[in-house]
Amino acid sequence: VVDDKKELRINSPFMKALIRGEYSYATIPASIIKTIHRYLPSLVPMDKKYAKRTNNNFMFDVKVTDTELFRKLFYIPIDMKMQSTLHGYFNDREEQLRIEGFFPYLIYKGTQYESASLLCENPSDQFRCHLRGSILMESGAMLNVSLNANAEQDCLKTVLNWSNNTNVTYSGQLATKA
């Protein structure tokens, strides 16, 4: 406990992490479900077990340098070749969250990804997530992709963009609304 706030620090050869604030491991899933339900109640119905009052208000900062443990212990086929970061906060009282991640270079199920980033937040009356990165193709060319999703008033809008970087350029966009 530091300054009357819980603090969890992990300092290991594969990861450094800090979580500070008020939180309960038992209620974090309920907090997340309630936040998403606020924007997409039809997709994420409110179950009785999540209806209880939660009081999570914390920040987190995670730096992963080696993923061998994740592969061996959890069977997640990921290999991060450079330090990746994930940081943000969650505040039940304000009904706000922000999750930001940067993954400079990783291999997942044999596919190489570069400059991947993630941002999920609900700064106002909508919940939005942005995911982007580049996929290294077998030819050596890069395929740039981005996915933007916005949820508000029980409506989910997504836009998938892609483009390549070869002599002949192809690109496109696929948008949905449900």
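Converting phi to 3J(HN,Hα) with the Karplus coefficients 6.51, -1.76 and 1.60 and the offset θ = phi - 60°, the range 151-156 yields 10, 6, 6, 6, 10, 10 Hz in sequence order, with x at every glycine or proline. Just so you know, the Cα atoms of the range 1-54 work out to an Rg and Dmax of 15.1, 43 Å. Compared with the direct C-alpha span, the chain from Phe74 to Asp125 gains 14.8 nm at full extension, assuming 0.36 nm per residue. The simple spin-label model puts a point 7 Å past each Cα toward its Cβ; for Ala26 and His87 those points are separated by 3.2 nm.
Kirkwood radius for the range 1-125, taken over all pairs of different Cα atoms as the inverse mean of 1/r, rounds to 16.3 Å. For the chain, a simple Cβ point-charge model (Lys and Arg +1, Asp and Glu -1, everything else neutral) yields a dipole of about 380 debye relative to the Cα centre.
When the Gaussian network model of the chain links Cα atoms closer than 10 Å, the mean-square fluctuations of Phe58, Phe74, Phe102 top out at Phe74.
Modelled spin-label separation between Tyr170 and Arg9, with each label point placed 7 Å from Cα along the Cα-to-Cβ direction: 5.1 nm.
Shown for the chain: the carbon plus sulfur share of the solvent-accessible area, taken with all protein chains present and a 1.4 angstrom probe, equals 57%. Extension gain, Glu100 to Asn150: 0.36 nm times the residue separation minus the Cα-Cα distance gives 16.4 nm. Each distinct pair of alpha carbons in the range 48-178 adds a 1/r term; the inverse of their mean, the Kirkwood radius, is 17.1 Å. For the range 1-140, lysine pairs with C-alpha atoms less than 26 angstrom apart, excluding pairs fewer than eight positions apart on the same chain, total 22.
The values are calculated or read from the model by the stated rules, or taken from the named source; none is laboratory data. Note that the coordinates shown come from a computational prediction; the quantities given were computed from them, not determined experimentally. Every residue, glycine among them, receives a Cβ derived from its backbone with ideal geometry; neighbour counts consider all protein chains shown. Ligands, DNA and RNA are stripped out before the accessible areas are found, and what is left, the full protein with its side chains, is counted by its heavy atoms. Shrake-Rupley method; radii C 1.70, N 1.55, O 1.52, S 1.80 Å.
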